[in-house]
Amino acid sequence: MAEPIAELRDVHVHFPVQRGLFWRREVGRVRAVDGVSLRIARGEVLGLVGESGSGKSTIGRALLRLGPLTSGQVCFDGQDISHASRRALMPVRRRMQVAFQDPDASLNPRLRVGESVAEPLRVHTKLTSAAIDVKVCSLLEQVGLAPELRHRHPHEFSGGQRQRIGLARALATDPELLVLDEPISALDVSIQAQMMNLLSDLRRERGLSYLFIAHDLGAVAHLCDTVAVMYFGRVVESGPASTVLDRPRHPYTRALLDSVPLADPTEARRRGLRVLGGEVPSPLAPPTGCAFHPRCRFAGPGCRRAVPPLRRMDNRSKVACDLAEWLRLET
Ligand code: SF4
């Protein structure tokens, strides 16, 4: 198995829930991430999918060490960074970067975009101003933007162009791993395809690894080598993208796939409209047993008793469903 560039081992991220106006007291805990283990091999794209509130973005933040871990281990290139100080994280941060769904989160509206793209270079390198300017021009070209545009402000660009600028900024320090947090969700469909092609090209040219956080399964099928499906803070299915997306074994993965609109009208008519009913449970009142049981059409009494462990089904796939061997989840 290829050497991982990044690995999460049994990571938990819990947030306290506090009440009281003057004397704040803890009245519960939200288990945003509850025992997740993932590994991203060098050059691999791992897709992390699930509905809003499933814990995907918290995993991204945990991997980047942008928030505290409750327990577990985060490793980057073999180095345990779970408790690394800000200072110790500096050289690691240069090697793993993030691009957000909302590029405005990383672009200062008062700065010209060239200055925003140059910012990581000023923090992490000792390049001269002239060398930084050359590099900024090259980065803008790599993401499909004319270098002359570096003198403009973010509001002078479209959403797709701002996403490209955010990507150029993320690439400035020549990272090996990019966390892409819903990078195409806010874009028009026509622009989404261009962005997906750009991400594919950059991966090939730079040998990048991605953690690709998304709820668009079509985009995941296009870009990802492996997929992990998250529900209520846990991974419920993982494996090669072709296996997970073509032959899902967890009812939640099946339901996610069934709720994707079909382009073929004949197939859409045959299958009928299938909507995943219900909502992700409240984190303040988690269901007993399998967290998916209130929405699962196969749920039996045993499903309400114990949380199903993530079990190995073959040498690359894992599923957290007690009935996975017996269910027939055809379309
Ligand atoms: Fe459904 Fe039971 Fe499997 Fe959970 S363990 S996904 S409730 S069949």
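Worth pointing out:
- Straight-line cross-link reach from K318 at under 12 Å between alpha-carbon atoms covers these aspartates and glutamates, not counting any fewer than eight positions away in the same chain: E237.
- Helix 159-171 and the longest principal axis of the Cα set of the chain meet at an angle near 80°.
- Principal-axis tilt of helix 189-206 within the chain, Cα atoms, nearest 10 degrees: 70
- The phi-based Karplus calculation (6.51 cos²θ - 1.76 cosθ + 1.60; θ = phi - 60°) puts the 3J(HN,Hα) values of the stretch 80-87 at 6, 10, 4, 10, 5, 6, 4, 5 Hz, whole numbers, x for Gly and Pro.
- Average projected area [Cα convex hull, the chain], square nanometres: 19.8
- Over the stretch 1-89, accessible surface divided per residue gives 54 Å², non-protein components excluded, 1.4 Å probe.
- Distant-in-sequence amide contacts of V236, defined by a placed amide H-H separation under 5 Å and a gap of 5 or more residues or a different chain, comprise V229, M230, Y231.
- Estimated FRET transfer efficiency (L284, T125; beta-carbon r; R0 45 Å; 0.05): 0.50
- The apolar share of the surface of the chain, taken as the fraction of accessible area on carbon and sulfur atoms (1.4 Å probe, ligands and nucleic acids excluded), comes to 52 percent.
- Applying the Karplus relation 6.51 cos²θ - 1.76 cosθ + 1.60 with θ = phi - 60° to the stretch 244-259 yields 3J(HN,Hα) values of 5, 7, 8, 9, x, 10, 9, x, 5, 4, 4, 5, 4, 5, 5, 8 Hz, where x marks Gly and Pro.
- Beta bridges assigned by DSSP with both partners in the chain are antiparallel in approximately 60 percent of cases.
- Straight-distance candidates among the lysines for linking to K135, with alpha-carbon spacing under 25 Å and chain neighbours fewer than 8 residues away dropped: K126.
The values are calculated or read from the model by the stated rules, or taken from the named source; none is laboratory data. Bear in mind that the values here come from a model prediction, so they are computed numbers and not experimental data. Backbone-built Cβ (ideal geometry, glycine too); neighbour counts: all protein chains shown. The area values use the complete protein model at the heavy-atom level, side chains included, leaving out ligands, DNA and RNA. Shrake-Rupley method; radii C 1.70, N 1.55, O 1.52, S 1.80 Å.
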